[in-house]
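Data first, discussion second: the structure below is written as structure tokens.
The values are calculated or read from the model by the stated rules, or taken from the named source; none is laboratory data. These numbers come from a predicted model, not from an experiment. Every residue, glycine among them, receives a Cβ derived from its backbone with ideal geometry; neighbour counts consider all protein chains shown.
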């Protein structure tokens, strides 16, 4: 039984493997499509192509789960912010306008994202029943980092800029939670069977604000999922030993580890949750032997508990697809 939905709901030890960002950048078949579709948002809204990209790693590696080809910034896009992607610069969002943001309604929001739901329907028909189809959203804090333009670099946010919104932040976060839950519901109804919530910039939250910006919003989303029996995985990247507080308070079904988390510490401290990932994606850029040593560390640590083999973040663009194939083969043949 490799279906991730079953692992998350039944907490059974089982072999299962997929990778974050498995659909996309490193695959030549994706690059071929991307070269003809320069506008990234439009590509995410092309249901046929989005589904085709989602299926590319399944066809190539026979992974246990597909993750729909989309982007966390499709939420701010549907809430009225302009989003563009510039090569070597990442995403650029238009200036946040609170008035426009607060005028959003569920019908218009869902209509703008309808192509994503259609892509999920198409993909579900093309996937065998034993394979999961994962959908995803960005957590409120991580979306705010982009929406408010507060990121200085990979290790720091502009606190002065953040404080300019201070008396409105609770309101903004609550609205985001509402629409993220709508987006999750729509994706699950379209045929996805698991949701992953990416808090990719959680590590940038000032320590005294982690409860307000990370634990509380994620808890609200997880409670929404649990009421509807939606299997869920959280990924509060970069919060180090606070993974334990996150797990104890938020109580997700699954928790994705990042490379900073020692697997033996995770096994000891993160209870009543299915663990996923952890392996540094950079290991796939090293020799095959180094890659195998890195993977063995995680597989051995978690071999007797429910664990989903994955990475500590997304596959890097420069990853050789052959390395991914060898890693999947090694994992499936492992009997340590």
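For the reader, a short list of remarks on this structure follows.
- Hits in the range 236-249 (condition: free of Cβ contacts under 8 Å to residues at least 60 places away in the same chain and touching a strand residue (DSSP E or B) at 6+ places or on another chain (Cβ under 6 Å)): 246, 247
- Among the numbered conditions (1) modelled with pLDDT of 95 or more; (2) surrounded by fewer than 18 Cβ atoms within 10 Å (Cβ to Cβ); (3) under 30 Å from residue 328 (Cα atoms), the only one that residue 90 does not meet is (1).
- Scanning the range 315-336 for residues being assigned to a loop (DSSP other than H, G, I, E, B) and either under 20 Å from residue 22 (Cα atoms) or in contact with a strand residue (DSSP E or B) (Cβ under 6 Å, 6 or more places away or on another chain) (or both) gives a total of 6.
- Neighbours by Cβ (under 6 Å, 6+ apart or cross-chain): first from the range 97-121, free of Cβ contacts under 8 Å to residues at least 40 places away in the same chain and at negative phi; second surrounded by 13 or more Cβ atoms within 10 Å (Cβ to Cβ) and not in a helix (DSSP H, G or I): 100/80
- Residues of the range 63-107 that turn out to be closer than 30 Å to residue 4 by Cα and out of contact with any strand residue (DSSP E or B) (no Cβ under 9 Å at 6 or more places or on another chain), as a count: 3
- The set of residues in the range 65-103 that are in contact with a helix residue (DSSP H, G or I) (Cβ under 7 Å, 6 or more places away or on another chain) and in a loop (DSSP other than H, G, I, E, B) comprises 68, 69, 70, 71, 72, 73, 79, 80, 81, 96.
- For the range 3-21, a residue qualifies if it is touching a residue at least 24 places away in the same chain (Cβ under 8 Å) and under 15 Å from residue 128 (Cβ atoms), and the qualifying residues are 3, 4, 5, 16, 18.
- The range 38-62, residues that are part of a loop (DSSP other than H, G, I, E, B) and either at pLDDT 95 or above or touching a strand residue (DSSP E or B) at 6+ places or on another chain (Cβ under 9 Å) (or both): 39, 45, 46, 62
- Residue count for the range 8-36, restricted to those that are at pLDDT 95 or above, surrounded by fewer than 18 Cβ atoms within 10 Å (Cβ to Cβ) and assigned to a loop (DSSP other than H, G, I, E, B): 1
- A Cβ distance below 9 Å, combined with a sequence gap of six or more or placement on separate chains, defines the contacts here; from the range 27-47, residues that are in contact (Cβ under 8 Å) with a residue 12 or more places away in the chain reach residues that are in a helix (DSSP H, G or I) and surrounded by fewer than 13 Cβ atoms within 10 Å (Cβ to Cβ) in the pairs 29/59.
- Residue among 167, 174 that is at pLDDT 95 or above and out of contact with any helix residue (DSSP H, G or I) (no Cβ under 7 Å at 6 or more places or on another chain): 174
- Looking only at the range 146-161, and only at residues there that are in a helix (DSSP H, G or I) and crowded, with 19+ Cβ neighbours inside 10 Å, the one that is nearest to the chain's Cα centre (by Cα): 146
- Selection status of residue 101, over 17 Å from the mean Cα position of the chain (by Cα), under 28 Å from residue 169 (Cβ atoms), at pLDDT 95 or above and buried (at least 18 other Cβ atoms within 10 Å of the Cβ): yes
- Members of the range 231-264 that are farther than 17 Å from residue 309 by Cα and surrounded by fewer than 22 Cβ atoms within 10 Å (Cβ to Cβ): 238, 240, 241, 242, 244, 245, 247, 248, 249, 251
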